[in-house]
1. Are any residues in segment 95-121 β-branched (Val, Ile, Thr) and in a helix (DSSP H, G or I), and if so, which ones?
2. Checking the structure you have, find out if any residue of segment 88-95 is touching a helix residue (DSSP H, G or I) at 6+ places or on another chain (Cβ under 7 Å) and small (Gly, Ala, Ser).
3. For residue 361, which of the numbered conditions (1) modelled with pLDDT under 90; (2) more than 14 Å from residue 275 (Cβ to Cβ); (3) buried (at least 18 other Cβ atoms within 10 Å of the Cβ) fails to hold?
4. Quick one: in segment 60-94, which of the residues that are outside any loop (DSSP other than H, G, I, E, B) and small (Gly, Ala, Ser) is modelled with the lowest pLDDT?
5. If you check 558, 512, which single one turns out to be under 23 Å from residue 595 (Cβ atoms) and in a helix (DSSP H, G or I)?
6. Does segment 307-327 contain at least one residue that is within 27 Å of residue 455 (Cα to Cα) and of a type in the set (Gly, Ala, Ser)?
7. So residue 303 fits all but one of (1) under 21 Å from residue 167 (Cα atoms); (2) out of contact with any helix residue (DSSP H, G or I) (no Cβ under 9 Å at 6 or more places or on another chain); what number is the exception?
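The values are calculated or read from the model by the stated rules, or taken from the named source; none is laboratory data. In this text the structure is predicted, and so the values were computed from the model without any measurement. Neighbour counts run over all protein chains shown; Cβ positions are idealised from the backbone, glycine included.
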Amino acid sequence: MSLSGCYRGYKSTQTIYYIYTIFFFNRVSLLQCEDPSGYRPEEEKEFMDILEERRRSSDLGHALRTFTPSPYKGAPPLSAGALNRKVLESQYLRYITKEVRCTGESVDLVREEASGILEEMSQNLQLGFIRLLGFTLSKVFKRLFSHINVNQEGLNRLQQAIQESPVILMPNHRSYVDFLVLSYILFTYDLPIPVIAAGIPLMDMKMVGEILRRSGAFFIRRAIGSDKLYWAVLSEYVKTIVRTGYAPVEFYVEGLRSRTLKSLTPKLGMMHMVLEPFFKGEVYDIKLVPISISYDRVLEESLLAHELLGVPKPRETTMGLLKARRVLEEDYGSMHVYFGMPLSVRQLTKGRVDRCEYNLLPRDLPQRPSVETQECVSWLAQQVIRVQEQNSILSPWSLMACLTHTYTHSLTHTHTHTHTWNCPQCSAVFLCPPIEQLPENQVMASSMALHRSVIRCHRGRVTLLEEEEGPVGAGPFTTEEGVVRRARAVLMVAAYRNQALHVFIRPAMLALAVHTTQGSRREDIYSSFRFLLDLFSNDFIFITGRSSQDFEEACSLLRKCGAVQTSQQEVTSPEEGQSTTSFLRALLQPFIDAYQVVFSHLCVEDVAVFTERQMVPAVRSLATKLLLSGELKSYEALSSDTQKNVLSALLRLGAVTRLRTLVHLNVVHLNLVHFSGFSGRLPVQTAPNPRL
């Protein structure tokens, strides 16, 4: 029986009490165990709505007011031109230009090429454009959002950190609005405007690209590859900004915008660049500031779902931006921006990295980081993302999405209400401050009204809109089109469910390990738990080397809510905890289904060598057929991101091998020996393919 089937029949309202208990204790556990700064935030996170003042006073006055931020250690301001000259004249770049020049090519020609790269890349921060952007964003944000809530204490800590050390701002990335709102907040609170790592497509937008450049954005090519000169210019540019304290550096440690609204595996290129001045002793310390940006409703929610279903991402153009102005007519609820405690790199890396190795070569020469350093940088990135998750603010809609998405049939409004609000003391921790004081029915109605494009309450039942007939006059649509319509709605709801999954994922994996392991020996269940951590480490963020702590915390959480009983030798699930563990397993079921669909495709695929571009549409086609036949219930198997995560997991675990062809296309080769042993460990609902 499928895991979703196990949950389908539960009626006990006490289950949600258990679920809320998991959430409550998990929040406490996160606060106690996950924050590497040692800071213990208060249970009540106090926020200030920065739009409240904007609605009472002049936007022009706000944009033209005196702006005097306190710089790093009182250092005199450095112009963008002077910064570029320091980069071009650096000994590091001089060395690289001599190294990369071709036979017979002059050094001056290579230096001219480096100058062109820097000119394309560099920002040109100017206060006048910051004021223009501030005035424009005041108008836009008041139309889009009812509140933009910011934690005042976090801004106070940031102001102090900026004066003491070079600061790296590290927000999560869920929307194009992210970097705009951060610069707007810092301008509002008289803090230095950051320089922001942005993708090169934004630079190509007429007028907009130049406005962004003069507002602090520097542009990076998406595909750098083995271009050694470009890497050198980018690296030296970033390191010079950090060394001089020119401005806070802002970049997304996840690299890309998350189309599923859950955290992505960190990309470490920029992380190495900003930390190298500390490892080489060029700065005393660096402060990493995790920033959690939470949306009641994301502007690109429909676009993200279509991208996951294979619709190409629209090119960023000024005309496209103008056409998108209709979003100003929509209501996107509230946004919460939480500035976390600045993390001292000096303290966090103490005992983890031997910086003496950097004394063996001159600082100006390129040096490949040691394995120890690479592991430390990866660990730091994981820590930052976990703190981002810890400080995120989850709306009631996130929990409603967990319930709506888990059920395979529509819920009654009363059922949804009862399950969402059964535990007031935990909902106070869960709900965002501005609405937790409102009546429950009003919050429920407000949440569904905000997401009326995907869900509605009709005749007392909560349903997805794509389950109903299309609009009048739209004409009939094929069964495949019906699958896509349904999948779009499911993926949009799943995205908001994903916002809460970091709270439930470890208890859910323990519940699944207990359910699928033969016997109740603690050692065997821990082995299954570790396998699930390894398997899903591309879908969720797990800190390397913490599997034992994760297991113990999951045991503690489920034990406190009565879902499991533990001893030194055994872990068991009592009868009264079955409904809770069934719900938790059901949260993982869509991911398990997606893995099984990919396995099924690989089992029947005659060609053992394939590219990612070949695999994704083939898996989507197979998933569509299984959905139409009723053999598959989870529409998330159609998600390209989930399919790519499966492939990454198989590569990491040795089930497939990445190769290089003569035309430099990345291809993978199916390792049947590893794959058969690996796929046998995954909980399956059907017999394995006999070919394996």
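1. As a first pass, look at segment 95-121 and keep what is β-branched (Val, Ile, Thr): 96-97, 100, 103, 107, 110, 117.
Scanning segment 95-121 gives 96, 97, 100, 107, 110, 117.
2. Going residue by residue through segment 88-95, those that are touching a helix residue (DSSP H, G or I) at 6+ places or on another chain (Cβ under 7 Å) are 88, 90, 92-93.
In the following step, the residues that additionally are small (Gly, Ala, Ser) were identified as 90.
Yes, there is a match, as at least one residue in segment 88-95 is touching a helix residue (DSSP H, G or I) at 6+ places or on another chain (Cβ under 7 Å) and small (Gly, Ala, Ser).
3. (3)
4. Going residue by residue through segment 60-94, those that are outside any loop (DSSP other than H, G, I, E, B) are 60-64, 72-74, 80-88, 91-94.
Subsequent filtering for residues that are small (Gly, Ala, Ser) retains 61, 63, 74, 80-82.
On the way: 61: 92, 63: 93, 74: 64, 80: 91, 81: 92, 82: 93.
Only one residue fits best here, namely 74.
5. Details: 558 fails: under 23 Å from residue 595 (Cβ atoms).
The match here is 512.
6. yes
7. Evaluating residue 303 over (1) under 21 Å from residue 167 (Cα atoms); (2) out of contact with any helix residue (DSSP H, G or I) (no Cβ under 9 Å at 6 or more places or on another chain) leaves (1) as the failure.
Rundown of residues vs (1) within 22 Å of the chain's Cα centre (by Cα); (2) buried (at least 21 other Cβ atoms within 10 Å of the Cβ); (3) charged (D, E, K, R), yes/no style:
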| residue | (1), (2), (3) |
| --- | --- |
| 128 | no, no, no |
| 133 | no, yes, no |
| 142 | no, no, yes |
| 148 | yes, yes, no |
| 151 | yes, yes, no |
| 162 | no, yes, no |
| 176 | yes, no, no |
